[in-house]
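The values are calculated or read from the model by the stated rules, or taken from the named source; none is laboratory data. All of these numbers come straight from a predicted model, not from anything done at the bench. As a convention, Cβ positions derive from the backbone with ideal geometry for all residues, glycine included, and neighbour counts pool all protein chains shown. To get the accessible areas, we keep the full protein, side chains included, count just its heavy atoms, and leave off ligands, DNA and RNA. Shrake-Rupley method; radii C 1.70, N 1.55, O 1.52, S 1.80 Å.
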Amino acid sequence: MKILTTHKIRLKPTPDQELVFIRACSISRYTYNWALSRWKFHKSNGVEKVTRNDLKKEWNQIKPDWVYEAPKDANQQPFTDLYKGFTNYYKLGTGFPKYKKRGKSKDSFYVSNDKAKLVNSHTIRLPKVGRVPLCEPLRWKHKDVKIMSYTISRSADQWFVAINVQIDQNKINTQSNNNIIGLDLGIKEFIVDSNDVHIQSPKPLKKYKKKLAKLQRSAAKSKKNSKNRMKKLSKVAKQHLRIANTR
C-alpha cells in the first residue's frame with residue numbers, strides 16, 4: 001500500500017539565496033491575492049463559473065516581469081491552492097479563502113518534483129537558487145520513495161524544505177506491537193504514558209511561554225503596519241520556534 005508522508009528539513013541558505021526565498025514567498029502571496037481578487041471581480045459581474053484555467057490564462061497575459069526572478073511554481077501553484085480552498089469551503093464547510101497578509105500569513109512557496117533535486121544526502125538543488133545545504137538527510141532511502149513535491153517555508157528566521165514523498169507502507173520502519181506505548185499529552189503534565197509514567201514539561205518551557213506572553217502583549221500594543229510592530233512580531237515568531245524546538 002502506497003502512502004503519502006513528509007519530512008521537513010532545515011535549510012542553510014546563503015544571504016543571497018535567502019533573498020530569492022523571500023522574493024518567491026512574496027510572489028506566491030501576491031499571485032494568490034490577485035487570483036482571489038479577480039475571482040471575486042468576475043463573480044460580482046455575473047460570471048457563473050470562473051475556472052482555475054480562466055484565471056491562469058488571464059494572469060499569464062498580464063503578470064509583471066519581476067515574477068520571473070523566482071521559481072515558476074511560486075506564481076503558478078497559488079491558483080491550485082486557491083481552488084483547493086474553494087473546494088474545502090463548499091464541500092467541507094471550512095472558512096472561505098481570505099487574502100494573505102504580509103507578516104500574518106505563513107511565508108512559503110511550492111516547487112514541483114521535476115524542478116528540484118536532491119543532489120546528495122545533504123544538498124538540494126532548487127530553481128533560481130542553486131544548491132542549498134540540508135541540515136540532515138532524508139529519513140528514507142531515495143530508492144524507496146517517489147518524491148512528489150517540495151515546499152519551502154520560513155519559521156522565524158529559519159528556512160525549511162518539506163519533502164513530500166510517496167512510499168510503500170512496508171518500507172517504513174516500525175517496531176513490534178509488543179513495544180508500543182500510548183502517550184497522552186497533557187496540560188498540567190507534559191506526558192503520561194500507558195504504563196502510568198508521568199513526565200513533567202521541560203524546565204525551560206515554562207519560562208519560554210511566560211516570555212512569549214510578554215512579547216505578544218508588547219506586539220499587540222504597537223502601531224499596526226509599523227516597522228516596530230514587524231520587529232516585535234519577528235521576536236514572537238522566534239519564541240514560538242524556540243518553544244516548538246524545546247517540546
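Summary of values
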{"item": "Those residues of the stretch 47-65 which are touching a helix residue (DSSP H, G or I) at 6+ places or on another chain (Cβ under 8 Å), open to solvent by 30 Å² or more (accessible area, probe 1.4 Å) and closer than 20 Å to Tyr110 by Cβ, in sequence order", "result": "Arg52, Lys56, Lys63"}
{"item": "Cross-chain or 6+ apart pairs with Cβ under 8 Å, the stretch 12-26 first and under 16 Å from Asp157 (Cβ atoms), then among the polar types (S, T, N, Q) and assigned to a helix (DSSP H, G or I)", "result": "none"}
{"item": "When residues of the stretch 219-247 are limited to those that are open to solvent by less than 60 Å² (accessible area, probe 1.4 Å) and assigned to a loop (DSSP other than H, G, I, E, B), the one farthest from Lys106 (Cα to Cα)", "result": "Ser222"}
{"item": "Strands (runs of 3 or more DSSP E) within the stretch 51-132 that include 3 or more residues in contact (Cβ under 8 Å) with a residue 24 or more places away in the chain", "result": "108-112"}
{"item": "The stretch 191-218, residues that are over 30 Å from Gly103 (Cα atoms) and assigned to a helix (DSSP H, G or I)", "result": "Lys203"}
{"item": "Subset of the stretch 1-29 [among the hydrophobic types (A, V, I, L, M, F, W, C), out of contact with any Phe, Trp or Tyr (no Cβ under 8 Å at 6 or more places or on another chain) and closer than 19 Å to Gly130 by Cβ]", "result": "Leu19, Val20, Ile22"}
{"item": "Per-region count, the stretch 6-20, residues open to solvent by 60 Å² or more (accessible area, probe 1.4 Å) and part of a helix (DSSP H, G or I)", "result": "3"}
{"item": "Conditions (1) at pLDDT below 95; (2) open to solvent by 40 Å² or more (accessible area, probe 1.4 Å): number failed by Arg23", "result": "(1)"}
{"item": "Whichever residue in the stretch 191-208 is surrounded by 14 or more Cβ atoms within 10 Å (Cβ to Cβ) and within 24 Å of Gln158 (Cβ to Cβ) and, among such residues, is modelled with the lowest pLDDT", "result": "Ser201"}
{"item": "Residue satisfying condition, being small (Gly, Ala, Ser) and either farther than 19 Å from Lys98 by Cα or open to solvent by 70 Å² or more (accessible area, probe 1.4 Å) (or both), within set Ser44, Ser37", "result": "Ser44"}
